[in-house]
Structures are given as structure tokens and as C-alpha cells.
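A short worksheet on the structure shown next.
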Ligand SMILES: [Zn+2]
């Protein structure tokens, strides 16, 4: 009786590669989904810098209950956010895709949240860079170099 061949040899290597790719995708993506913000990936209507991510989740938690925030998250007119480059107010058009210049007072990011995100990202780098700034983070992870320079965060506004 011939010895049994290792079972691995008869499996389809393609199928197991697909399964591990899907698993990797799920494991990498799942934690991000609850906070996933609209990713417009389109130019700012003011000065045309490419916005890959509006980062709506970076506004203060207190703003999340506002109709403006819900409009931004739902990609609907009715709320604006300050462009991460030029800080001009941008708002979704009724088509749910295109960003337009808005006359509304825009939502702004929280400095505390943005710095935490940059620090977290920096700590995971090899070698770690816990001093990473929001400007560096948005350039590296979001491919938006030049964004957040001189940004006026919610904490900077005078009440
Ligand atoms: Zn802009």
C-alpha cells in the first residue's frame, strides 16, 4: 500500500489564496467600518486640491448629533465641513457625490482627535514615530500633502 500523499498537494492553491486574501481584507477593514466617513476623492471646489477623505469622523463627538453632521455623513446637502486644505466650507450637492462651495458655517475637526489619530498611526510605524503630527499623518496615510497646515481646529475658535 503506497503511503498517503500529503493532503495539501491535492487542494487548490488558488482557492486558499483567495480565502486568505478575503480574511486579510475582513481583518484589516472591519474595525474601520463603524467610523467610516464618506471618501469623496475629488477636488476641493475652492482651490482644486484632491480630497481623498473628508474625515467627517474627526469633528468633535458633540457635533455628531447635529443635522449638519448627519448631512455630511449621508452625503446630502444641509451641512458643510471646512476643507482640510483651504478651510473653505464644502457641502454635498443633491447628487450625493459632488462637493460644492457652501455658505454654511462649516463643521471643523477636533485637534485632540486629530492628534490622537496621528500619534496612533505613528506608533504603528516601523520604526515607531510617536511624534507624528496631523499634517504628516494626513500626507502619509491619506495622501493629502499640504492639508491641515494652519488649520483652525474647533479648539482654536473663540466662543
Ligand atoms: Zn479647499
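See the values below:
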quantity	calculated
Conditions (1) farther than 24 Å from residue 141 by Cα; (2) in contact (Cβ under 8 Å) with a residue 24 or more places away in the chain; (3) outside any strand (DSSP E or B): number failed by residue 100	(3)
Among (1) assigned to a loop (DSSP other than H, G, I, E, B); (2) in the same structural domain as residue 150 (by TED's automatic domain parsing), the one test that residue 78 misses	(2)
Condition broken by residue 87, with the remaining ones in (1) at positive phi; (2) in contact (Cβ under 8 Å) with a residue 40 or more places away in the chain; (3) away from the ligand (no atom under 15 Å from the Cβ) satisfied	(3)
Qualifying position, being at positive phi and surrounded by fewer than 18 Cβ atoms within 10 Å (Cβ to Cβ), among 143, 157, 148	143
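The values are calculated or read from the model by the stated rules, or taken from the named source; none is laboratory data. Given the structure is predicted, the values throughout are model-derived calculations rather than measurements. All Cβ positions, glycine included, derive from the backbone under ideal geometry; neighbour counts span all protein chains shown.
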